[in-house]
Amino acid sequence: MIITTGDRPQPEVVRRAEQLAAEVGAPYVPRGHFSIAKLSASRDGAEVLVVLQEDVRLLRPGRPPLEFHPSMGFVRAKRILRGEGDPMLEAADMRPGDSVLDCTAGLGTDSLLFAVYGGPESAVTALESSLALHALLKEGMTSYRSGLAPVDDALRRIRVVRSEHLEYMRSLPEKSLDIVYFDPMFREPLEDSSAISPLRAYANDAALSEESVREAVRVARKRVILKEKKGSSEFRRLGFDEEARNHAKTSYGVIRIDD
C-alpha cells in the first residue's frame, strides 16, 4: 500500500498524508501529475490510500473506491444522542464509562456508537488487522467531520490499533475491560448489504475461532457480543445466546460474564 494526496493538495493535506504514512509504516508518494492508476502500476498494483481535504479514500485496481464514512452509524449515533435505544448497546448492556474492545473494527461504525454512548469517560479500542483498513480508519477517525460535535469528539477518542484480535487479547490481563465485541465478515453474506460489499475486498474474512472467544471471556468483565446473520450456526458453534430481533436480518449473540 502507498499513501498519496489528490492533485494540487494544500500543504496541510500533504502534512497529514506524510504523518499517516510514518505512523502506519507505509510509503508516502507525492502525487505530482500522475493518475492513481499510474501510481498503483508503478508499485506493482499496490493499493492506494488518498488523503484529501475533507475525505480519505482507499483504491485498488479493478475495485470500487472505499471511503471512510460512518454511514448508518451516523444515523444511529444521532438516535443515541436523542436518548433512543440501540440494539447493539442493549445486547452489550453498556453503561457510560464502560471500556470496550471492538475486535473487528472495519470502518469503525460500531466503535463510534460505543464511544458516543460511553462518553468521555469510556475507553474504546478499535482493532483492525488489515494495513489498508487500519490506515483508512486511523485517518478517518482523526479528520472526518460529521457536522455534529459529539460525534466528531467520539471519533477522536477512539484508539485505533493495527492487530489481529487473538494476539492482542493474549496481551491483556484477566477482566481488564468491560465489553468485547465481534462483528466478523458473515459466513453467509447479506446479498443486499451494499455498504459491506466493498469492505470485503480488504477485510480479514477468516471465521471467528473458539480460542478467540475463550480469550474474550477471559478479559471481559461484563459481556462478549457477536453480531451475525439472524439464525446463523455461528452462535451455537461459539457458545453465544442469540438475541433475535423482529424484522431484522441480523442478530446479536451474548455471553454474559457478570451473571
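Brief remarks on what is shown
- The range 1-107: antiparallel DSSP beta bridges as a percent of all, rounded to 5: 55
- Over the chain: helical MRE at 222 nm, DSSP H runs n ≥ 4 each giving -39500 (n - 2.57), nearest 500: -10000 deg cm²/dmol
- Taken over the chain, the alpha-carbon convex hull comes to 130 cubic angstrom per residue.
- Extreme residue, positive dipole direction of the range 72-256, given options 133, 240, 94 (C-beta unit charges): 94
- Filter on 38/249; 222/249; 38/138; 38/227; 38/229 - keep pairs with C-alpha separation over 32 Å: 38/249; 38/227; 38/229
- The Cα-based radius of gyration and maximum Cα-Cα distance (Dmax) for the range 140-185 are 13.9, 39 Å.
- Lys, Arg +1 and Asp, Glu -1 on Cβ, resulting dipole of the chain about Cα centre, debye, nearest 20: 400
- Charge dipole (the chain, unit charges on Cβ, about Cα centre) - positive-most of 32, 251, 146: 32
- For residue 228, distant residues with modelled amide H under 5 Å away: 251, 253
- Debye, to nearest 20: dipole size of the range 2-67, +1 on Lys, Arg Cβ, -1 on Asp, Glu Cβ: 220
- Largest mean-square fluctuation among 40, 171, 99, in a Gaussian network model of the chain whose springs join Cα atoms under 10 Å apart, belongs to 171.
- Karplus-derived HN-Hα couplings along the range 68-74 (A = 6.51, B = -1.76, C = 1.60, θ = phi - 60°), whole Hz, x at Gly and Pro: 6, 7, x, 6, 4, x, 5
- Length gained when the stretch residue 152-residue 95 is fully extended (0.36 nm per residue, less Cα-Cα span): 18.5 nm
Laboratory data are not the source of any read-out in this text; all were calculated from the coordinates shown. Everything numeric here is computed off the predicted structure, so don't read it as measured data. For neighbour counting, all protein chains shown are included, and Cβ atoms are generated from backbone atoms with ideal geometry for every residue, glycine included.
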